[in-house]
Amino acid sequence: MLQMAYFAHFYSQIGCGIIFWGSSSSMRNVFIIQTTAIRILLRLGPKSFCKEGFKEFDILTVPCIYHYYLFAVKNPHIYQTNTSVHGMNTKQQNKL
């Protein structure tokens, strides 16, 4: 349940704004908040090492999310769009 709450509230906020503020100095603060959220998911102490938690829950760190979005935006030809998978005319037909 905590993992679903993380993806619904925290990860969705990161995904929406990462392109705009990803290269700013505030990204460090977001990363600290993200590690705190992972510690809560794993029920760890405030100073515990949480690298394995990112791997366990298959969660990308904030810097990795930023680099992923930059790569996907600059290289859209590498990915398939929804139109290439199915021929239905939908609102999200051009999404990767």
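Restricting attention to the chain, lysine pairs at least eight places apart or on different chains and with alpha-carbon atoms under 29 angstrom apart total 6. Here the relative contact order of region 2-77, from alpha carbon pairs under 8 Å that lie six or more residues apart, stands at 38 percent.
Rounded to whole numbers, the Karplus 3J(HN,Hα) couplings from phi for region 83-94 are 5, 6, 8, 9, x, 6, 8, 10, 5, 9, 5, 9 Hz, using 6.51 cos²θ - 1.76 cosθ + 1.60 with θ = phi - 60°, and x at Gly and Pro. Each of [x] 7.7; [y] 7.0; [z] 6.6 is a candidate for mean projected area of the Cα convex hull in nm²; the one calculated from this structure is [x].
Throughout, read-outs are computed from the coordinates displayed, never taken from laboratory work. Nothing here was measured: the structure is a model prediction, and the numbers come from that model.
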